[in-house]
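Participant: Just passing along the structure, written as structure tokens.
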Amino acid sequence: MAAGAGKFTHKYEMQNVQFVLDILHLLTVSPSGEKLTTFVEKMTSASKYKVFRMLHTLETKDFVVRNSAGDYHLGPAAFSLARGILSDQGKASKLRPVLEDLGAATGEAVYLGRVKEAEAMLIDVVETRQVVRAISCLGSSFPVTGGRLLEESSICRIYGAEETLLADVATLSAVFAPQHELRQTALVVAVPACRFNEARLAGELLPLLSRCARELGEMYGWQESRLFDRQTRKKYAYLLG
């Protein structure tokens, strides 16, 4: 009897884990949030009471939050966990001051993205203090290399796009080169359409992002690679003519 009870408990606990994963997945693909009724409709193997209890437990642990309209969103604990998984040996925490500086300089929301193929998952953010702002996209993925190629160097490529992340929002994305130590990393500036125009792009936003990417390149080995290149050329100058 005891063995059977243990087996039932294990199965019950695994089912709870699956419910939690289903809830987190639904919120990951729904940046605008979901209501309780949506979870009940999509999680057909769980009762309404079961879903509510799971959401309440996740809410008390800050893995989900609920706004005044009753919509559930991913909470700070979920994003903290994601950053820990995707931080790549602590680089995310080291890059946090860079995000803050770029956010202060541009006055816009600045994200750190983890790039896989042509998609970037946004794993950290410094929010803007502007009154007009887009909803947070932390945890979302978007086609980071979409749009126009605005600048290219040995460190990164900078792309400009409109409405690839959100409607009425433009993005500037610095995607680091595959050979760079910061490969699979992107800096993304998100700008509401009402504050985005070609003059501001050319005169302010692009130069600021380009300078930030260059400074990061020097911080993470690009300067050393240039030094190595000069030393190599000097050593083999007789072969180069």
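Participant: Can you give the FRET efficiency for residue 66 and residue 163, using 1/(1 + (r/R0)^6), R0 = 22 Å, r = Cβ-Cβ distance, to the nearest 0.05?
Facilitator: FRET efficiency, residue 66 to residue 163: 0.20.
Participant: When the Karplus curve 6.51 cos²θ - 1.76 cosθ + 1.60 is applied with θ = phi - 60°, which whole-Hz ³J(HN,Hα) does each residue of segment 38-50 get, with x for Gly and Pro?
Facilitator: 5, 4, 5, 5, 8, 9, 5, 7, 10, 6, 4, 5, 4
Participant: Let me ask you something else. Around residue 198, what is the net charge, scoring Lys/Arg as +1 and Asp/Glu as -1 over all other residues with Cβ under 14 Å from its Cβ?
Facilitator: +1
Participant: Could I ask something else about it? Hey, how much of the P(r) for segment 120-182 falls beyond 20 Å, as a percent of Cα pairs?
Facilitator: Across segment 120-182, Cα pairs with separations above 20 Å total 31 percent.
Participant: Continuing with the same structure: Just the number please: accessible area per residue for segment 24-64, 1.4 Å probe, all protein chains included, in Å².
Facilitator: Numbers: 2470 Å² over 41 residues.
Spelled out: the 1.4 Å probe surface of segment 24-64, per residue, equals 60 Å².
Participant: Given N residues in segment 29-154, what is Rg(Cα) / (2.2 N^0.38 Å)?
Facilitator: Numbers: Rg = 17.2 Å, N = 126, 2.2 N^0.38 = 13.8 Å.
Rounded to two decimals, the normalised Rg is 1.24.
Participant: Taking a 1.4 Å probe, which of 106, 164 shows the most accessible area, and what order do the others take after it? Don't jump to the answer; show the numbers that get you there.
Facilitator: Working: 106 10, 164 45 Å².
The ranking, largest first, comes out as 164, 106.
Participant: Same structure again: For residue 125, list long-range residues whose amide hydrogen, built 1.01 Å from N in the peptide plane, is under 5 Å from its own amide hydrogen.
Facilitator: Counting only residues 5 or more places away or on other chains, the set is 112.
Participant: For residue 170, list long-range residues whose amide hydrogen, built 1.01 Å from N in the peptide plane, is under 5 Å from its own amide hydrogen.
Facilitator: Here the answer is 163, 191, 193, since their amide H atoms fall under 5 Å of that of residue 170.
Participant: Stretch residue 35-residue 193 to full length: gain in nm at 0.36 nm per residue minus the Cα-Cα span?
Facilitator: Here the answer is 54.0 nm.
Participant: Tell me which aspartates and glutamates have Cα within less than 14 Å of residue 116's Cα, excluding those fewer than 8 residues away on the same chain?
Facilitator: Partners within reach: 88.
The values are calculated or read from the model by the stated rules, or taken from the named source; none is laboratory data. Keep in mind it's a predicted model, so treat the numbers as computed, not measured. Note: ideal-geometry Cβ built from the backbone for every residue, glycine included; neighbour counts use all protein chains shown. To get the accessible areas, we keep the full protein, side chains included, count just its heavy atoms, and leave off ligands, DNA and RNA. Shrake-Rupley method; radii C 1.70, N 1.55, O 1.52, S 1.80 Å.
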